[in-house]
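Q: Encoded as structure tokens, here's the structure I'll be asking about.
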Amino acid sequence: MTFVLRVGVHANNPSLLVLSQNGLLEQRIAARDGRVEWLKIAAGARTVEYVGANLIQVGGTGLTPPIAAQAKGVPIVTFAASEARAVGGIYVRKDSKVKTITDLAGKTISLAVGSWLQALLATALDRDGLSWNDIVPLDLTESESRQALLAGDIDAWVSGGGLRGGADEIRAIANTGDLVSNPSVFFARRDFAEAHPDTIADVASALQDTDRWIAQHPTEAAAVLARVADGPLDIGEWETHIARRPWGIHQIDDRFIADQQKAADIFFRFGLLPRKIDIRDAIYRHPLNLDRAA
């Protein structure tokens, strides 16, 4: 019986963006008498809501959205993740009196609330003895945040590294690599994943092969991303981004579970989750055999 695999894609997940253009997944799903539909999502963190509503069966985000989804009872299972991405950090103006994370108490901080940047900020606050209630978070885009920081309208900015325009006026008070692993996280709707394990394996292997191609063909991949991402980065900037981050995915392991659990526990203590969760309850257990992807 023919089936449809609906996959969410958004500008902040380059692996899925390139996969949506190269036809690899379509080939593999067609071999199983299925077809693929791609659904563009404006805000990447909303991907989990699309899974919950069964608008898509597969998606990918940073580390925070799957945690929030599990706590809200969205029926997702995480099946793969990338290696750590030590990009971005917490930034202030160079002339700011803020020198450390503890200096952020009472300060206004912009970030994409609900994204992996929320985990970055929460982890930094927790490490230095502060809580979410000690700051004033503002949910702003990267461009809005940059403009507000340079204008002196906010005190700090949690960014994935988009320090274009005004970078000489900005300094870091914390770096991502010192706080969170920041992987790309790939997940599926639980009932679909359990009913179609071969399809989930196809998605994972197609992502693996796509990531290998991106790493081996950075200029061509950058051209694809500049064309389809609808963002501010040009080909050269995408090529720089490709060179700075790891490519390839792996099945969920104990290290990933521990990192996610640490973030989930901080979120719960900070009142950012409705209930305490065990990350292991939302992990996909079928083998993916990614070492065979080629």
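The values are calculated or read from the model by the stated rules, or taken from the named source; none is laboratory data. Quick caveat: nothing in here was measured; it's all calculated off a predicted structure. Cβ: placed from backbone, ideal geometry, glycine included. Neighbour counts: every protein chain shown. The accessibility values were calculated without ligands, DNA or RNA, using every heavy atom of the protein model including side chains. Shrake-Rupley method; radii C 1.70, N 1.55, O 1.52, S 1.80 Å.
Q: Within the range 87-110, how many residues are outside any loop (DSSP other than H, G, I, E, B), touching a Gly at 6+ places or on another chain (Cβ under 8 Å) and among the small types (Gly, Ala, Ser)?
A: 1
Q: Output the number of the condition that GLY88 fails; it satisfies all remaining conditions of (1) in contact with a helix residue (DSSP H, G or I) (Cβ under 6 Å, 6 or more places away or on another chain); (2) farther than 20 Å from ARG127 by Cα.
A: Looking at each condition in turn, GLY88 falls short on (2).
Q: Okay, moving on. Could you list all residues from the range 34-45 that are at pLDDT 95 or above and either open to solvent by 50 Å² or more (accessible area, probe 1.4 Å) or among the hydroxyl-bearing types (Ser, Thr, Tyr) (or both)?
A: Once the filter is applied, which keeps residues that are at pLDDT 95 or above and either open to solvent by 50 Å² or more (accessible area, probe 1.4 Å) or among the hydroxyl-bearing types (Ser, Thr, Tyr) (or both), the range 34-45 yields ARG35, GLU37, TRP38, LEU39, LYS40.
Q: Which members of the range 133-148 meet the condition of being part of a helix (DSSP H, G or I) and either under 15 Å from GLY161 (Cα atoms) or open to solvent by 50 Å² or more (accessible area, probe 1.4 Å) (or both)?
A: Passing the criteria: ASN133, ASP134, GLU142, SER143, GLU144, SER145, ARG146, GLN147.
Q: If we scan the range 4-22, do we find a residue that is among the basic types (Lys, Arg), free of Cβ contacts under 8 Å to residues at least 40 places away in the same chain and out of contact with any helix residue (DSSP H, G or I) (no Cβ under 8 Å at 6 or more places or on another chain)?
A: Checked against the condition, which is being among the basic types (Lys, Arg), free of Cβ contacts under 8 Å to residues at least 40 places away in the same chain and out of contact with any helix residue (DSSP H, G or I) (no Cβ under 8 Å at 6 or more places or on another chain), the range 4-22 yields no hits at all.
Q: Every residue in the range 44-56 that is free of Cβ contacts under 8 Å to residues at least 40 places away in the same chain and outside any helix (DSSP H, G or I), please.
A: Within the range 44-56, just ALA53 meets the criteria.
Q: Would you point out which residue out of GLU237, GLU194, GLU220 is out of contact with any strand residue (DSSP E or B) (no Cβ under 6 Å at 6 or more places or on another chain), closer than 17 Å to GLY161 by Cα, open to solvent by 20 Å² or more (accessible area, probe 1.4 Å) and not basic (Lys, Arg)?
A: GLU237
Q: Also: Would you be able to tell me the number of residues in the range 272-293 that are under 19 Å from TRP116 (Cα atoms) and open to solvent by less than 60 Å² (accessible area, probe 1.4 Å)?
A: 7
Q: Follow-up question, since we're still on this one. Within the range 246-255, is even one residue outside any helix (DSSP H, G or I) and at positive phi?
A: yes
Q: Which residue out of ARG227, ARG212 is open to solvent by 20 Å² or more (accessible area, probe 1.4 Å), touching a Phe, Trp or Tyr at 6+ places or on another chain (Cβ under 9 Å) and either farther than 30 Å from ALA53 by Cβ or in a helix (DSSP H, G or I) (or both)?
A: Step by step, each of ARG227, ARG212 is checked, and only ARG212 is open to solvent by 20 Å² or more (accessible area, probe 1.4 Å), touching a Phe, Trp or Tyr at 6+ places or on another chain (Cβ under 9 Å) and either farther than 30 Å from ALA53 by Cβ or in a helix (DSSP H, G or I) (or both).
Q: If you check every pair at least six apart or on different chains, which have Cβ atoms under 6 Å apart with a residue in the range 175-200 that is at pLDDT below 95 first and a residue that is of a type in the set (D, E, K, R) and surrounded by 15 or more Cβ atoms within 10 Å (Cβ to Cβ) second?
A: Listed by first residue and then by second, the contacts come to SER181/ASP259; ASN182/ARG85.
Q: If you don't mind, there's one more thing I want to ask. From the set of residues in the range 57-76 that are assigned to a helix (DSSP H, G or I) and not small (Gly, Ala, Ser), which is most open to solvent (accessible area, probe 1.4 Å)?
A: If we take residues in the range 57-76 being assigned to a helix (DSSP H, G or I) and not small (Gly, Ala, Ser), then LYS72 is most open to solvent (accessible area, probe 1.4 Å).
Q: Going through the range 241-268 one residue at a time, which ones are out of contact with any Pro (no Cβ under 7 Å at 6 or more places or on another chain) and surrounded by fewer than 14 Cβ atoms within 10 Å (Cβ to Cβ)?
A: Across the range 241-268, the qualifying residues are ARG244, ASP253, ASP254, ARG255, ALA258.
Q: A follow-up question, please. Filter the range 269-281 for residues that are part of a helix (DSSP H, G or I) and touching a residue at least 24 places away in the same chain (Cβ under 8 Å); which is farthest from ILE67 (Cα to Cα)?
A: Only one residue tops the list, namely ARG269.
Q: Residues of the range 77-114 being open to solvent by 20 Å² or more (accessible area, probe 1.4 Å) and of a type in the set (S, T, N, Q), which ones?
A: Result: SER96, THR100, THR102, THR108.
Q: Report yes if SER131 is at pLDDT 95 or above and out of contact with any Pro (no Cβ under 9 Å at 6 or more places or on another chain), otherwise no.
A: yes
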